[in-house]
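See structure below.
We did not get these values from a lab; they are worked out from the coordinates using the rules stated. None of the values given here were measured: they were computed from a predicted structure. Cβ sites come from the backbone with ideal geometry, for glycine too, and all protein chains shown count toward neighbours.
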Amino acid sequence: PLGYWAQLIKELVAMNYQIVLSASPAEQDLALNRDILSLLDHEVSRSVLDTKGHLNLPQVKTVLDGAALYIGVDTSVTHLAAACEIPTIALFGPTPPTNFGPWPNGFVGERPYQLRDRTQIVQKVCILQGPGDCVPCRKAGCFDTANSKSECLDLLEPSQVLGVAKKMLGRSTGLS
């Protein structure tokens, strides 16, 4: 839910981090960013940079190079962050991380992730999977249609993501 993203942003801003929202130029992605921003108060939103789909991949890489942490769902930017060795939290629901998880830079082996394991950290990449016996179902949402929700993603709470974020930020910056 969008409120979860807003809550996560508020918590990270309270820890003095600047947030960068990325999106493709697709209206659906731009609307998601607008909706998240609408849930933030003015003070918090001052620490959020919305790139509004204006960045190409080389520019996204430049932004990632300055990032302390990347948090996102299974997208190309998530894979780019992992490849750039940015501490990465990848939120997974219906897609199996065994097939689609971002490959940790320098990982040598057959498969870095298990099919079902709620929290998996390999090098600088953390896979957080939603709960449920159906995870990963490999469907396009619970009703297997383009716009159906993925309950498993909706049940990933901000406190879970923030807990892992604090650990990963502590690991990369010496903070705890």
Relative contact order, percent, of the chain when contacts are C-alpha pairs under 8 Å separated by at least 6 residues? 18
Pairs of lysine residues in the chain - Cα separation under 20 Å, sequence separation of 8 or more or cross-chain: 8
The answer for the chain, counting only DSSP H helices whose Cα atoms cover 27 angstrom or more along the axis and whose Kyte-Doolittle average is -0.5 or greater, is none
Normalised per residue, the volume inside the convex hull of the alpha-carbon atoms of segment 73-176 in Å³ amounts to 94
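Pairs of alpha-carbon atoms within less than 8 angstrom and 6+ residues apart define the contacts here; what relative contact order does segment 1-64 have, in percent? Kindly include the intermediate steps, with their values, before the conclusion.
Working: 59 pairs, mean separation 25.4, N = 64.
RCO, segment 1-64: 40 percent.
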In whole angstrom, how far apart do the alpha carbon centroids of segment 1-17 and segment 51-75 sit? 17
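Ratio to report: Rg/Rh of the chain, with Cα atoms as the point set and Rh obtained by the Kirkwood method; give two decimals.
Using Cα coordinates only, the ratio equals 0.94.
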For the chain, what is the mean residue ellipticity at 222 nm derived from helices alone (per DSSP H run of n ≥ 4: -39500 (n - 2.57); sum divided by total residues; nearest 500 deg cm²/dmol)? -11000 deg cm²/dmol
What is the packing order of peptides 25-38, 79-92, 2-15, taking the mean over residues of other C-beta atoms within 10 Å and listing the highest first? 79-92, 2-15, 25-38
Neighbours of Lys52 by Cβ distance under 12 Å: Lys/Arg at +1, Asp/Glu at -1, summed charge -2
